[in-house]
Amino acid sequence: QVQLVESGGGLVQAGGSLRLSCAASGRTFSRYAMGWFRQAPGKEREFVAALSWSDTDSMKGRFTISRDNAKNTVYLQMNNLKPEDTAVYYCVAGMVVTGIWGEYDYWGQGTQVTVSS
């Protein structure tokens, strides 16, 4: 079993930055692909980024996903935030990197990110 707990969300002005963290329990964290999804009000859930167990970081435009296996934590650094980035951000873990929510095995409860204009 893996439990995922997100933190770091909050209210930020447009152009600002936030770093989300996802702390994972379980001894096999380092073998899991880890990722982030988000869901804005009234919109479909959207894939943000993911890393395989062997990757350390990946930049996706304004966002960078990274992981520290020693700390059982995956991060999402978000820069130059825009109001359209407002959403609940969810951490996920699974055996493969995929952009499909249901193909992950574990999901966090989510953390709210609100970007004001």
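Things to note:
- The residues of segment 35-64 that are among the aliphatic types (A, V, I, L, M) and out of contact with any Asp or Glu (no Cβ under 9 Å at 6 or more places or on another chain), listed by number, are Val48, Ala49, Ala50, Met59.
- Residue in segment 67-78 that is within 16 Å of Ala49 (Cα to Cα) and part of a loop (DSSP other than H, G, I, E, B) present: no
- Among the residues of segment 1-38, those identified as over 18 Å from Asn79 (Cα atoms) and polar (S, T, N, Q) are Gln1, Gln3, Ser25, Thr28, Ser30.
- Among (1) open to solvent by less than 80 Å² (accessible area, probe 1.4 Å); (2) in contact with a Ser or Thr (Cβ under 9 Å, 6 or more places away or on another chain); (3) part of a loop (DSSP other than H, G, I, E, B); (4) not charged (D, E, K, R) - the single one Gly26 does not satisfy: (2)
- Among all positions in segment 58-71, there is at least one residue which is over 17 Å from Trp107 (Cβ atoms), among the β-branched types (Val, Ile, Thr) and touching a strand residue (DSSP E or B) at 6+ places or on another chain (Cβ under 8 Å).
- The set of residues from segment 80-117 being in a loop (DSSP other than H, G, I, E, B) and open to solvent by 60 Å² or more (accessible area, probe 1.4 Å) comprises Asn80, Lys82, Met95, Val96, Val97, Ile100, Asp105, Gln109, Ser117.
- Extreme residue, modelled with the lowest pLDDT, among residues of segment 1-17 that are open to solvent by 90 Å² or more (accessible area, probe 1.4 Å) and not in a strand (DSSP E or B): Gln1
- Sole residue being aromatic (Phe, Trp, Tyr), open to solvent by less than 40 Å² (accessible area, probe 1.4 Å) and assigned to a strand (DSSP E or B), chosen from Phe47, Phe37: Phe37
The values are calculated or read from the model by the stated rules, or taken from the named source; none is laboratory data. Predicted model, so just to flag it, every value in this text is computed and none were measured. Here the Cβ is made from the backbone with ideal geometry for all residues, glycine too, and neighbour counts use every protein chain on show. Side chains are part of the model used for accessible areas, which takes the heavy atoms of the whole protein and leaves out ligands, DNA and RNA. Shrake-Rupley method; radii C 1.70, N 1.55, O 1.52, S 1.80 Å.
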